[in-house]
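Presented below is the structure to which this report refers.
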Amino acid sequence: MDCVFCAIINGDIPSKTVYEDDMIKAFYDIEPQAPVHIIIIPKLHIASANEIGEDEAKYVAHIFAKIPQIAKEAGIAENGYRIINNCGKDGGQTVGHLHFHLLGGRDLGAKLV
Ligand code: AMP
Ligand code: ZN
């Protein structure tokens, strides 16, 4: 399967890891849209939010359970941050492996990133 985020999980494509465990991985976005821009992915290939069922939701829950720690270690917990998921063509999804953007480090305003 030709998936850039699966290649990152496998180590075939390098990434700057922020957090990793047996279920999820967090790493810095290569084209940051904010001073802190972290991508968080499940280690299971889930194509998009459209593919989340009960089994996949465990990964999503685990991602959200770890976001406070990831945000704290990135220094953005106190001032706050934005979590984004883009789904499908109209949602602007460019990588077909479910991921959440964690953005912070400046006032993000009302703009949708
Ligand atoms: P989306 O548009 O929601 O699908 O977001 C995909 C994100 O993945 C974009 O912000 C890209 O900059 C980021 N991205 C793509 N390839 C890589 C990579 N090899 N390492 C880190 N981030 C990446
Ligand atoms: Zn994948």
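Figures for the structure shown
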{"quantity": "Sites Ala47 and Asp12 - FRET efficiency at Förster radius 25 Å, r taken between beta-carbons, to 0.05", "calculated": "0.85"}
{"quantity": "Directionally averaged shadow of the chain, computed from the convex hull of its alpha-carbon atoms, nm²", "calculated": "7.1 nm²"}
{"quantity": "Solitary cysteines of the chain, where the nearest other Cys Cβ is not under 4.7 Å", "calculated": "Cys87"}
{"quantity": "Built amide H within the under 5 Å cut-off of Ile24, gap 5+", "calculated": "Lys43"}
{"quantity": "Helix axis angle, 54-73 relative to the chain longest principal axis, alpha carbon, degrees", "calculated": "30 degrees"}
{"quantity": "Surface accessible to a 1.4 Å probe, per residue, for the residues of the chain, Å²", "calculated": "59 Å²"}
{"quantity": "Placed amide H near Asp29: partners under 5 Å, 5+ positions off or other chain", "calculated": "His37, Ile38, Ile39"}
{"quantity": "Of all accessible heavy-atom area on the chain, the percent that carbon and sulfur account for (1.4 Å)", "calculated": "50 percent"}
{"quantity": "Förster radius 22 Å - calculated FRET efficiency between Lys72 and Val4 (Cβ-Cβ, nearest 0.05)", "calculated": "0.20"}
{"quantity": "Net lengthening on full extension, Lys89/Leu108 (0.36 nm per residue, minus Cα-Cα)", "calculated": "4.5 nm"}
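The values are calculated or read from the model by the stated rules, or taken from the named source; none is laboratory data. Everything numeric in this text was worked out from a predicted model, so none of it was measured. Glycine also receives a Cβ, built like all others from the backbone with ideal geometry; neighbour counts cover every protein chain displayed. Please note that ligands, DNA and RNA were not included when accessible areas were found on the heavy atoms of the full protein model with its side chains. Shrake-Rupley method; radii C 1.70, N 1.55, O 1.52, S 1.80 Å.
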